[in-house]
Structures are given as structure tokens and as C-alpha cells.
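Visitor: This is the structure I want to talk about, given as C-alpha cells.
The values are calculated or read from the model by the stated rules, or taken from the named source; none is laboratory data. Treat the numbers as computed from the prediction; the structure is a model and nothing was measured. As a convention, Cβ positions derive from the backbone with ideal geometry for all residues, glycine included, and neighbour counts pool all protein chains shown. Ligands, DNA and RNA are stripped out before the accessible areas are found, and what is left, the full protein with its side chains, is counted by its heavy atoms. Shrake-Rupley method; radii C 1.70, N 1.55, O 1.52, S 1.80 Å.
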Amino acid sequence: DVFRETLPASTFKIINSLVSLETGAVKDENEVLKFSVILDTVHYGYRPDTYHDMDMTEAFRLSVVWFYLELAKRVGKEKFTEYLKTCRYGNSDTSVDGYDFWTVGNLEISPVGQVNLVRNIFRGVLPFSKRNVEILRKIMLTEETGEYKIYAKTGWTSKDSVNIGWWVGYIQTDDNVFYFANRINRHKSLEISSFINDRKDITRKIFRYLGII
């Protein structure tokens, strides 16, 4: 159901990056944040390779949780909620304890909502400066060939024993732009060895079927 809302997981880093830039929580994509062990390193202990100082470009590419938690803290929930409501971001619910409201909280958005968000961002109809939108575009570039460029973000979380996987963004060809949001759900008891790649593989198959690539 393309209108059913679920947790956005790390696709939230798209709007998190923009709001953080717009509010001055981070200066630009090159500002380095110092890693702090005060953050929940136990909960995210499965990624100790990300526990070092880094900038937004690296944090977005590696989908680093502590970095974006720090940005959310700097922005504050009240300001964040204002931006989410202005951008019509799902249910705009940031009420969970702590700041990881996009992965373990009550914040939810649908695939249609994801597409509308990305399209509105890059069409310039939301309250973000051109400078910050261009920074986001730069860090979202994940694939480039002679035929196309893909600007996107993955996401993965689980709720009620169901794994939720996202791939959200847009693909740009020589003469057109296509916005997309792919969400796959799989019960945690089922085989998930291919789950990480399925989000992208299914989307690329659709691109080929439609003749986009």
C-alpha cells in the first residue's frame, strides 16, 4: 500500500541534513563533528567502524547514526517538528523519548509521502535555501554512469517483528528526472540475506522495465 505510513528509518537523513543545514546545526557538508561516547554506543555497537570524527558527506554515505542523532539534538525537537509539519512529512510525530524518532519512534511516512518530499525539495517549493538543497544533492549522489545519475538514501529498521527496507530518491537521465520510493517488508523470521540488496535490485528492475535505464 503506497499510502500506508511506516518508520522512515535512515531515509530520514535526507530531511535531517536539510533542516540541520538550514538551522545552522551544521555549517556545511565538510564540517567535522567530534565523535562522543556519550551517545548510545551500546545500542549501536554493531558499527564500531563509524565511531570516529567525520563530516556530513561521510556520515550520509555510511548512514552513521550517532552523527545524525547529534544533529537532531542540536536542532531540537520543537524546531524539527515545525519543519516536518511545514514539509508535510508523514505524521510529523517526534514524541518518543530520545532523538532517534525516525528509527525506533512513532514517526511514519508513506512511499507517496517520500516521493512528494523529494520532489518538492528539488523543485524548490519547500523553505530551504538553494545552497543547502545543492549540498544535499551532492551528498545524495550514489551512482553515476554515462546514462544516468542516482541520488538516493537507503533505510532499514524493524517494528512489530517486521523488517522495513527503503530506497528513496530520484534518477536523472539526459532528458528527464524520475522520483522513486521503494519500501519492502519482510518478517524477521524469514531469510534476510538478500534483504539489503533487494531494495535496490527491485527498483533497478523497475527502471529497466520502464525503459528508464
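Visitor: For region 102-123, what are the residues that are at pLDDT below 95 and either among the hydrophobic types (A, V, I, L, M, F, W, C) or on the phi > 0 side of the Ramachandran plot (or both)?
Guide: Listed by number, the list holds a single entry, VAL104.
Visitor: Take the residues in region 56-81 that are part of a helix (DSSP H, G or I) and among the small types (Gly, Ala, Ser), then tell me which one is farthest from the chain's Cα centre (by Cα).
Guide: Only one residue tops the list, namely ALA72.
Visitor: Could you please give the count of residues in region 147-160 that are among the small types (Gly, Ala, Ser) and at pLDDT 95 or above?
Guide: 2
Visitor: Quick one: GLU134 ticks every box in (1) part of a helix (DSSP H, G or I); (2) touching a helix residue (DSSP H, G or I) at 6+ places or on another chain (Cβ under 9 Å); (3) under 19 Å from THR23 (Cβ atoms) except a single one, so which number is it?
Guide: (2)
Visitor: For residues that are farther than 19 Å from LYS149 by Cβ and not β-branched (Val, Ile, Thr), scanning just region 161-177, find the one that is modelled with the highest pLDDT.
Guide: TRP166
Visitor: Any chance you could count how many residues in region 162-193 are over 20 Å from LEU7 (Cβ atoms) and open to solvent by less than 50 Å² (accessible area, probe 1.4 Å)?
Guide: Selection size over region 162-193: 3.
Visitor: Next up: For region 146-175, how many residues meet the condition of being among the hydroxyl-bearing types (Ser, Thr, Tyr) and in contact (Cβ under 8 Å) with a residue 40 or more places away in the chain?
Guide: 5
Visitor: Among the residues of region 11-42, what is the count of those that are modelled with pLDDT under 85, surrounded by fewer than 13 Cβ atoms within 10 Å (Cβ to Cβ) and of a type outside the set (S, T, N, Q)?
Guide: Count: 3.
Visitor: Name the single residue, out of those in region 94-116 being within 14 Å of ALA72 (Cβ to Cβ) and acidic (Asp, Glu), that is surrounded by the fewest Cβ atoms within 10 Å (Cβ to Cβ).
Guide: ASP97
Visitor: Hey, TYR89 hits all of (1) part of a loop (DSSP other than H, G, I, E, B); (2) open to solvent by 10 Å² or more (accessible area, probe 1.4 Å) but one; which does it fall short on?
Guide: (2)
Visitor: Is it the case that region 134-151 has a residue that's among the small types (Gly, Ala, Ser) and at positive phi?
Guide: The answer is no, given that none of the residues of region 134-151 is among the small types (Gly, Ala, Ser) and at positive phi.
Visitor: Please find, among PHE60, PHE67, PHE122, PHE80, the residue that is open to solvent by 10 Å² or more (accessible area, probe 1.4 Å), in contact with a helix residue (DSSP H, G or I) (Cβ under 7 Å, 6 or more places away or on another chain) and aromatic (Phe, Trp, Tyr).
Guide: Just a single option satisfies the conditions, and that option is PHE122.
Visitor: In this structure, does THR50 turn out to be open to solvent by less than 60 Å² (accessible area, probe 1.4 Å), hydroxyl-bearing (Ser, Thr, Tyr) and touching a strand residue (DSSP E or B) at 6+ places or on another chain (Cβ under 8 Å)?
Guide: Spelling it out, it is not the case that THR50 is open to solvent by less than 60 Å² (accessible area, probe 1.4 Å), hydroxyl-bearing (Ser, Thr, Tyr) and touching a strand residue (DSSP E or B) at 6+ places or on another chain (Cβ under 8 Å).
Visitor: Next question, about the same structure. Output the number of residues of region 139-161 satisfying the condition of being within 13 Å of the chain's Cα centre (by Cα) and open to solvent by less than 70 Å² (accessible area, probe 1.4 Å).
Guide: Residues flagged as within 13 Å of the chain's Cα centre (by Cα) and open to solvent by less than 70 Å² (accessible area, probe 1.4 Å) within region 139-161 amount to 9.
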